[in-house]
1. Considering only the stretch 50-65, state which residues are open to solvent by less than 50 Å² (accessible area, probe 1.4 Å) and not hydrophobic (A, V, I, L, M, F, W, C).
2. Checking the condition β-branched (V, I, T), more than 19 Å from T95 (Cα to Cα) and open to solvent by less than 60 Å² (accessible area, probe 1.4 Å), which residue from V14, V10, V22 passes?
3. Which condition does F93 not pass, out of (1) part of a helix (DSSP H, G or I); (2) exposed (fewer than 12 other Cβ atoms within 10 Å of the Cβ); (3) within 16 Å of the chain's Cα centre (by Cα), if it passes all the others?
4. From the list Q47, Q77, which residue is more than 16 Å from K20 (Cα to Cα), open to solvent by 60 Å² or more (accessible area, probe 1.4 Å) and at pLDDT below 95?
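The values are calculated or read from the model by the stated rules, or taken from the named source; none is laboratory data. What you see is a predicted model; the values in this text were computed from it and never measured. Cβ coordinates were reconstructed from backbone atoms using ideal geometry, including for glycine residues, and neighbour counts include every protein chain displayed. Areas reflect the complete protein model, heavy atoms only, side chains present, ligands, DNA and RNA absent. Shrake-Rupley method; radii C 1.70, N 1.55, O 1.52, S 1.80 Å.
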Amino acid sequence: MTLLNTTFHVHKSVDALFIKWVKEIYLPVAMDSGLFKNPLFTRIMTQVDPEATSYAVQLQASSHRDAEAWHDSTSTQLKDALAREVGERVLHFTTYMEIMS
């Protein structure tokens, strides 16, 4: 099983918009794909930048191939649309993790 983890660094000026986007767009689209289960949306408690908050969105996929294909297509399109709206006030990176137990 693969965990698709995307970490977002969000400027406080777009924090509410970002949270709404994750809850109303990103997670519903991911779950509607049928590729994921057990979605998790978390706020990272370690604060590096006083002007921003970091979040992580985690999705469990049965295969790395499914997670990667969704990330490279649909997820990228969703994040690109968000970037057109907020610019560089939301930055992100993705990590694929193997669930060991």
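1. Of everything in the stretch 50-65, those that are open to solvent by less than 50 Å² (accessible area, probe 1.4 Å) and not hydrophobic (A, V, I, L, M, F, W, C) turn out to be T53, S54, Y55, Q58, Q60, S63.
2. None of the other options fit; the residue is V14.
3. Every condition holds for F93 apart from (1).
4. Residue meeting the stated conditions: Q47.
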